[in-house]
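The block underneath contains the structure these notes are about, expressed in structure tokens.
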Amino acid sequence: RCSRDWSSDVCSSDLYYLKGVNVETAKKRLVATDGHRMAAINDISLKDVPKAVGGATVYTKDNKYIDGQYPDVDRVLPTKHADNKVTVEVTPLGDHARGANKAWRYISSKMAAPIQLSIGDEKLSFNAKYIEDMTNIFRQMGYNKAEISMKEGKMYATSPDGKVQQVIMSMRDE
């Protein structure tokens, strides 16, 4: 049975490989995921990235290389936005998500604060921390705006020049 992750053909046996960083030297791309969200930074210098041991491609948060196959990033990242693409300023969106996350901690024992976003006919709930992190990546990379679209339970966000790409899964209804 496949889980509800990046696409219907990503199965639970693949989830172990959906946590970590993949350095794609040929494409000059750095990709990171935790299984619920993915960020890719394209066309970057990889000179400061440690060399993989024994050809491993995945680097985990506990500083270990995994000798395994990273998921097909090109299958996960959309090639274009859905029809409901909007341009947003990342600072106000990040501030809103940060505020929702702080308020949530006072009223709920659940870890994930939901934040509902609407674009066109799509209305989805996302983990506020994921939205905050997404906007932080854009700001840290020097972008004040991002292009965002939503479709099939996912948010796709890119920098205006396409150098930074992010996908976030919506929260499941409970």
| field | Distance between modelled label sites at Asp83 and Asn136, nm, 7 Å Cα→Cβ extension | value | 3.6 nm
| remark: Row for the range 110-161, column shape: gyration tensor on C-alpha, a ≥ b ≥ c, rounded if a/c < 1.5 i.e. under 1.5, prolate if a/b over b/c, else oblate; value oblate
| Förster radius 25 Å - calculated FRET efficiency between Gln116 and Arg75, Cβ distance, rounded to 0.05 | 0.35
| task | Please give the FRET efficiency for Thr25 paired with Glu147, using the beta carbon to beta carbon distance and R0 = 35 Å, rounded to the nearest 0.05. | result | 0.80
| remark: Expressed in square angstrom to the nearest 10, the accessible area of Tyr156 with a 1.4 Å probe stands at 20 Å²
| task | Normalising by the residue count of the range 78-139, find the relative contact order in percent from Cα pairs under 8 Å and 6+ residues apart. | result | 38 percent
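The values are calculated or read from the model by the stated rules, or taken from the named source; none is laboratory data. Given the structure is predicted, the values throughout are model-derived calculations rather than measurements. Positions of Cβ are backbone-derived with ideal geometry, glycine not excepted, and every protein chain shown enters the neighbour counts. We work out accessible area using only protein heavy atoms, side chains counted, and drop any ligands, DNA or RNA first. Shrake-Rupley method; radii C 1.70, N 1.55, O 1.52, S 1.80 Å.
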